[in-house]
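Scroll down for the structure; my scribbles are underneath it.
The values are calculated or read from the model by the stated rules, or taken from the named source; none is laboratory data. From a predicted model like this one, the values you see are computed outputs, not experimental measurements. When we count neighbours, we look across all protein chains shown, and the Cβ atoms used for this are built from the backbone with ideal geometry, even at glycine.
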Amino acid sequence: MPSMQILCPQCKQPIVADIQQLFDVGQDPAAKQHILSGLFNIIQCPQCGYQGPYPTPIVYHDPDKELLLVFVPPELGLSQHEQEKFVGPLVQQIMRHLPPKKRKAYLLHPQQVLTLRSLQERILEADGITKEMLEAEERRVKLLQRLLTAAEDQLVDLLREHDATVDVGFFRAVSQLIDAARTGNDEVSAQRLEKILELALEHTTAGQEQRAVIDALQDLEKRLTALGPRPTPGDLYETLITWLAEDPSEPRLQALVALAMPLLNYTFYQRLTERIAQSPPEQKAALERARDRLLELSQQVEKAFQQAVHAMREAIERLSRAQDVRKAVQEALPWIDEDFVSLLAEELDKARRRGDDARAQRLQRLWDAVQEALAPPPEVQLLERLLAAQDRAERQRLLEAHADLVTPQFVQTVTQLVAQAEQGALPAELRPALQTLYNEVVRFSMLRNLKPAADTPSQEKGA
């Protein structure tokens, strides 16, 4: 990213900042994610303290999709001639890096967009994400915001009023938010979101459809569990096909894809086709439709999986190249999950095996930052160590070694855990250990708080 002298948008004083005007996916695979994030060309003025985006014309290029877009912030007031003078050298720079066979006609006709949002929408549309999909996502976000702030007795009415907005994407978003709240130890938000999820399943059209899928999942899980711990492949195929033949409905098809996707292979479809051939005429047509739909659902899942992996690889590339990796990871933390960590480990291993030291070093820094960000807070680590301690003496040593962590908030956390255990919200076997820990933590905290008071008389006497 080149450094250049610019004028601060607020105080108009000259400053030097890193400004990027060309985003070429062909040269930098992370360029697309950079644009979509909106976190680019952020400047900070040392004179007046201004911090924010710097308005500058930008060119976006994706050679695989033959996409060349230009965005000129309208506040710059550039004439058409001035815009062309800006775009020309950047297009020439793009063409210099392209092999001759890829220098196509689209490069001679850049498409201009009027807003940054329009630019992002065009990029997403090229990936198959339409404006309608983005608008649907916005509606989901707005509904979730209203549900999170509304009174509990208004939730059902809100869900019914926005029945069309509650779809599969809504349930996926709520589930992800619940996981994020649990990861962040935000139990209040997690319980609120779980309540919203429960009411949405009960009082919306999509919720009732999802409920049917959940019921089918539970039924299939029971059927597979009944096969024992080590069923043969033949028994698995037979059970799945028989279960589907009993009721080849949409909920069962979705449950089959969700729970048994690895088994939906060539052998499965071969046996399903054999079952169809042996079925009576009145059942044959329904099973044929189910087979076609099952193939369609499987392809959708596979495509979504490949898109998710591609997006994660782009995110890994972008994060690994960030100037402040730790800060970038903190900002991305809400969507960093086990799949992301697993793919990062895989990419790091590949870089090492290929001998690509530069990439391996970047990925190692990212790996360290992710592990650090995902590590539980020191208070949680102390709590886990205390519960795992063998005896009172070991717990006492831990408390003394980490006395700075034994705050009133820490004591309150232990108190809440004891209450949850008493109410049955935690495993019963934890109850005695938590009660013992509570007694010891309270005693330790009280004795520590009494020490200054006990020392005061002797100090006064000595004085």
Selection from region 348-378 of residues closer than 30 Å to P427 by Cβ, of a type in the set (A, V, I, L, M, F, W, C) and surrounded by fewer than 17 Cβ atoms within 10 Å (Cβ to Cβ) yields A373, L374, A375
Which numbered condition trips up L68, out of (1) touching a strand residue (DSSP E or B) at 6+ places or on another chain (Cβ under 7 Å); (2) closer than 23 Å to T165 by Cβ?
(2)
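Check region 303-318 and report whether any residue there is among the β-branched types (V, I, T), touching a residue at least 40 places away in the same chain (Cβ under 8 Å) and touching a Leu at 6+ places or on another chain (Cβ under 6 Å).
There is at least one residue in region 303-318 that is among the β-branched types (V, I, T), touching a residue at least 40 places away in the same chain (Cβ under 8 Å) and touching a Leu at 6+ places or on another chain (Cβ under 6 Å).
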Scanning region 68-92 residue by residue, those in a strand (DSSP E or B) and either without any contact (Cβ under 8 Å) to a residue 12 or more places away in the chain or in contact with a His (Cβ under 7 Å, 6 or more places away or on another chain) (or both) turn out to be L68
Checking A351, A345, A285, A311 in turn, the sole residue that is part of a helix (DSSP H, G or I), assigned by TED's automatic domain parsing to the domain that holds E250 and among the hydrophobic types (A, V, I, L, M, F, W, C) turns out to be A285
Could you tell me how many of the residues in region 14-46 are surrounded by 13 or more Cβ atoms within 10 Å (Cβ to Cβ) and outside any strand (DSSP E or B)?
20
Taking the residues in region 129-168 that are within 20 Å of the chain's Cα centre (by Cα) and not hydrophobic (A, V, I, L, M, F, W, C) as candidates, determine which candidate is farthest from R192 (Cα to Cα).
E135
Answer from A345, A315 - the residue that is closer than 28 Å to I178 by Cα, surrounded by 12 or more Cβ atoms within 10 Å (Cβ to Cβ), within 14 Å of the chain's Cα centre (by Cα) and among the small types (G, A, S):
A315
L78 passes all but one of (1) of a type outside the set (G, A, S); (2) crowded, with 18+ Cβ neighbours inside 10 Å; (3) modelled with pLDDT under 90; (4) within 24 Å of Y106 (Cα to Cα); which number fails?
(2)
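When you look at L220, is it within 29 Å of F268 (Cα to Cα) and touching a residue at least 40 places away in the same chain (Cβ under 8 Å), yes or no?
yes
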Name the one entry in Q420, Q412, Q381, Q396 that is polar (S, T, N, Q) and either part of a loop (DSSP other than H, G, I, E, B) or surrounded by fewer than 13 Cβ atoms within 10 Å (Cβ to Cβ) (or both).
Q412
